[in-house]
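The values are calculated or read from the model by the stated rules, or taken from the named source; none is laboratory data. Note that this is a predicted model, so its numbers are computed, not measured. Every residue, glycine as well, gets a Cβ built from its backbone with ideal geometry; the counts of neighbours run over all protein chains shown. Remember, those area values only see protein heavy atoms, side chains included, never the ligands or the DNA or RNA. Shrake-Rupley method; radii C 1.70, N 1.55, O 1.52, S 1.80 Å.
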Amino acid sequence: LFPRQREFLAWVSAHEAMARATRLDQEVVVVKCREVGATWVCALYAVHGWLFRPNYIVGFGSNKVESVDLLGNPKCIFEKLRWLIRALPTWLLPKKFNDKKNLGYLRIVNPENGSAIIGEGGPNMGRSGRVDGYFVDEAAHIERPEEVDAALMTVAALRVNISTPCGMGNTFAKKRWSYPSEGVFTIKWSDDPRKNKVWYAHMKRTFDPVSFAQNIDIDYSASVEGVCVP
């Protein structure tokens, strides 16, 4: 992990600890540039809890269920989770672990300690019952976000909304600009040691201004240019 990713993990862990200590559900916002590994870090956090925390339940949700789990698609969240678990040394895997049985569709179960990672998509998010943590990926792009907010309202001790910007006209942007600073975490392209000014200039030349502003510069206002509102 690079330094900002480590800070992100510590920040998520601190908010979850606060939720447990106060018994008050926490909701936080993560604003990110594209390709900084935020989803991978969340997957790592979930797998760590799945391995070492008994009866730990964590959920992942996104705009479409296909973004959460689509067998064989390395871009979806659950294929990342399966890859991480399959890459573990045998001695670290749970006892009686069975790849075909325990790495199921939208559900990964630890047969030794009762922990599980569950997945949901679209307005069905939050329907699986109470969880310890819930990661909402690409939260700015969710359709019918009010329904999702209502469903997740009392579901998770910690809800983490992660996304690149998509203008100001969505609940993700409203939360980002209304939450206190300690409830917002930002990962910029400059936080990634793999990226430099040469990379930035190349991306700026390659992509159109709107896509560049939205995905690289984390610009809320510029990212709505060219959008027609009927």
The condition of being part of a helix (DSSP H, G or I), among the basic types (Lys, Arg) and under 22 Å from Arg130 (Cα atoms) holds, among Arg20, Arg4, only for Arg20
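Each row is one residue, and each column tells you yes or no for (1) within 15 Å of Asp69 (Cα to Cα); (2) of a type outside the set (A, V, I, L, M).
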{"residue": "Arg107", "(1), (2)": "yes, yes"}
{"residue": "Glu146", "(1), (2)": "no, yes"}
{"residue": "Met168", "(1), (2)": "no, no"}
{"residue": "Lys175", "(1), (2)": "no, yes"}
Among the residues that make up the range 129-137, is at least one of them open to solvent by 60 Å² or more (accessible area, probe 1.4 Å) and in contact with a Phe, Trp or Tyr (Cβ under 7 Å, 6 or more places away or on another chain)? no
Per the filter on the range 63-76, residues closer than 8 Å to Gly121 by Cβ and either open to solvent by 40 Å² or more (accessible area, probe 1.4 Å) or free of Cβ contacts under 8 Å to residues at least 24 places away in the same chain (or both) are Lys64, Val65, Glu66, Ser67
Exactly one of Glu79, Glu16 is open to solvent by less than 40 Å² (accessible area, probe 1.4 Å) and without any contact (Cβ under 8 Å) to a residue 24 or more places away in the chain, and that residue is Glu79
Residues in the range 27-84 that are under 29 Å from Met203 (Cβ atoms), in a strand (DSSP E or B) and of a type in the set (D, E, K, R) total 1
Restricting the range 162-176 to residues that are touching a residue at least 40 places away in the same chain (Cβ under 8 Å) and not small (Gly, Ala, Ser), the one most open to solvent (accessible area, probe 1.4 Å) turns out to be Met168
Condition check: open to solvent by 50 Å² or more (accessible area, probe 1.4 Å) and on the phi > 0 side of the Ramachandran plot. Does Glu7 satisfy that?
no
Restricting the range 91-125 to residues that are closer than 17 Å to Val58 by Cβ and charged (D, E, K, R), the one least open to solvent (accessible area, probe 1.4 Å) turns out to be Glu120
| message | Condition check: small (Gly, Ala, Ser) and under 17 Å from the mean Cα position of the chain (by Cα). Does Gly61 satisfy that? | response | yes
Going by what's in this entry, would Phe60 be described as free of Cβ contacts under 8 Å to residues at least 60 places away in the same chain, under 29 Å from Gly167 (Cβ atoms) and in contact with a Phe, Trp or Tyr (Cβ under 9 Å, 6 or more places away or on another chain)? no
